[in-house]
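The structure under discussion appears below in the form of structure tokens.
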């Protein structure tokens, strides 16, 4: 595989860079076992899941969270 220089990537139009980022992200998502969680990460995820299971109504749906973030803009 030919090495890709960062300067070449940064020289691409934004739309092309976004396509590249999406392709990279998709390749990572297709191999979830390739990255191992640390014990601290696993414990934090378990803690959050426990909190959610105790009170699933305490959180906010993504649509509401997104709206609040966009209003801060």
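The values are calculated or read from the model by the stated rules, or taken from the named source; none is laboratory data. Since the structure is predicted, the reported quantities are computational estimates derived from the model, not experimental observations. For neighbour counting, all protein chains shown are included, and Cβ atoms are generated from backbone atoms with ideal geometry for every residue, glycine included.
Worth pointing out:
- Pairs linking a residue in the range 6-25 that is surrounded by fewer than 10 Cβ atoms within 10 Å (Cβ to Cβ) to a residue that is modelled with pLDDT of 95 or more, with Cβ atoms under 9 Å and 6 or more positions apart or on different chains, are 10/17.
- Subset of the range 32-43 [assigned to a helix (DSSP H, G or I) and loosely packed, with under 10 Cβ neighbours inside 10 Å]: 32, 33, 34, 39, 40
- Filtering the range 44-67 to residues that are within 19 Å of the chain's Cα centre (by Cα), surrounded by 10 or more Cβ atoms within 10 Å (Cβ to Cβ) and part of a helix (DSSP H, G or I) leaves 44, 45, 46, 48, 49, 64, 65, 66, 67.
- Residues in the range 1-31 that are within 23 Å of the chain's Cα centre (by Cα), at pLDDT below 95 and part of a loop (DSSP other than H, G, I, E, B): 2 in all.
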